[in-house]
1. Find, to one decimal place in angstroms, the Kirkwood hydrodynamic radius of the stretch 14-89, where the mean of 1/r is taken over every pair of different Cα atoms and then inverted.
2. Once both labels are modelled 7 Å past Cα along the beta-carbon direction, what's the residue 38-residue 19 spacing in nm?
3. What's the exposure ranking of 67, 80, going from fewest to most Cβ atoms within 10 Å?
4. Please give the Cα centre distance for the stretch 48-65 versus the stretch 15-44, rounded to the nearest Å.
């Protein structure tokens, strides 16, 4: 069964940034898991309708979790949090390029 990272005794935290705000995560968490744990469910908007999108499949198949990390558009569910990582929402115009 799954267990929450918060239940792991003695673990340290990793600090990263989301849209300029300090965030923390447990080592080994993906960016998507860390952001969902912090209550961020909509990470981008669709280019056509502007509908909010967020992590869905958590295994890299759907591309709904796209974010910009250190200037590169990547899947948040496939990227492990690292100290100092700069994560930003992807601007709508960047997705359609």
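Computed from the coordinates by the stated procedures, all read-outs in this text should not be read as laboratory data. Predicted model, so just to flag it, every value in this text is computed and none were measured. Reconstructed Cβ throughout: ideal geometry from the backbone, glycine too, with neighbour counts over all protein chains shown.
1. After inverting the pairwise mean of 1/r, the radius is 12.1 Å.
2. Here the modelled spin labels are 1.1 nm apart.
3. The fewest-first ordering by Cβ neighbours comes to 80, 67.
4. Cα centroid of the stretch 48-65 versus Cα centroid of the stretch 15-44: 15 Å apart.
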